[in-house]
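Step one of this worksheet: look at the structure below.
The values are calculated or read from the model by the stated rules, or taken from the named source; none is laboratory data. Please read these numbers as outputs of a predicted model, since none were measured by experiment. All Cβ positions, even for glycine, are placed from backbone atoms using ideal geometry, and neighbour counts span all protein chains on display. Surface accessibility is based on the protein's heavy atoms, side chains included, excluding ligands, DNA and RNA. Shrake-Rupley method; radii C 1.70, N 1.55, O 1.52, S 1.80 Å.
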Amino acid sequence: ISVVTYELRLLRNLRTLALGGNRLQNLPKEIGDLRRLECLFANDNKLKGVPAEIVKCGRLQDLRLDHNDIAFFPLEITQCRTLTRLNLSHNKLRELPPEIRRLGNLADLSLDDNGLGPTLPEDLARLAFNLKHLGLANNCVGEEGPTLKRLTNLNELRLSGNRRPGYEVRDKAS
């Protein structure tokens, strides 16, 4: 499928919505009507962001947006305070916004295979209390720096395949 229709809003008791592996270029704003939604799997599509209405999904815990075309961290996500798992791996992210600090309930944050680095924002360290798994493999993260050293509750840290600072990540099409 390449389009999700507005009729999605009729599924008000939906807790899990799996839309992965389609050709979706955007999610409908009606996703905000799914107030009981806990898991949204929109991986392996062509998404460039998420609708602002996603903040209305007040029970959203697991958001998977990996393998899309997202170039900028969707700030709307930072208002989803119930998130415990966020996967933005295999996108085109170059930096993390300071607002990431709002996601204090995150236990699992996957950011592998983007273009992040060479430094990470200090605001990432504000997730230290609950964050257990952090994926930063195959980015451009240079020195570990003070941010990673403050994430003392991590059980898993993926840093493999990071390139030297200044390395340019080329678009896969070039």
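This table checks each residue for (1) of a type in the set (Ser, Thr, Tyr); (2) modelled with pLDDT of 95 or more; (3) in contact with a helix residue (DSSP H, G or I) (Cβ under 8 Å, 6 or more places away or on another chain).
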position	(1), (2), (3)
ILE1	no, no, no
ARG12	no, no, yes
ARG15	no, yes, no
ALA18	no, yes, no
ASP44	no, yes, no
LYS48	no, yes, no
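Do the conditions hold for GLU122, that is, is it more than 17 Å from HIS67 (Cβ to Cβ) and modelled with pLDDT under 95?
Values: more than 17 Å from HIS67 (Cβ to Cβ): yes; modelled with pLDDT under 95: yes.
It is true that GLU122 is more than 17 Å from HIS67 (Cβ to Cβ) and modelled with pLDDT under 95.
If you go through region 101-131 one residue at a time, how many are touching an Asp or Glu at 6+ places or on another chain (Cβ under 6 Å) and buried (at least 21 other Cβ atoms within 10 Å of the Cβ)?
First, pick out the residues of region 101-131 that are touching an Asp or Glu at 6+ places or on another chain (Cβ under 6 Å): 101.
In the following step, the residues that additionally are buried (at least 21 other Cβ atoms within 10 Å of the Cβ) were identified as none.
Going through region 101-131 one residue at a time, the tally reaches 0.
Here's a check for you: in region 79-89, which residue that is surrounded by fewer than 20 Cβ atoms within 10 Å (Cβ to Cβ) and in contact with a Lys or Arg (Cβ under 8 Å, 6 or more places away or on another chain) is nearest to ASN13 (Cα to Cα)?
The qualifying residue nearest to ASN13 (Cα to Cα) is THR82.
For residues that are part of a loop (DSSP other than H, G, I, E, B) and either within 14 Å of the chain's Cα centre (by Cα) or of a type in the set (Gly, Ala, Ser) (or both), scanning just region 132-152, find the one that is surrounded by the most Cβ atoms within 10 Å (Cβ to Cβ).
Out of the qualifying residues, it is LEU136.
Filter region 18-71 for residues that are of a type in the set (S, T, N, Q) and within 17 Å of the chain's Cα centre (by Cα); which is most open to solvent (accessible area, probe 1.4 Å)?
GLN25
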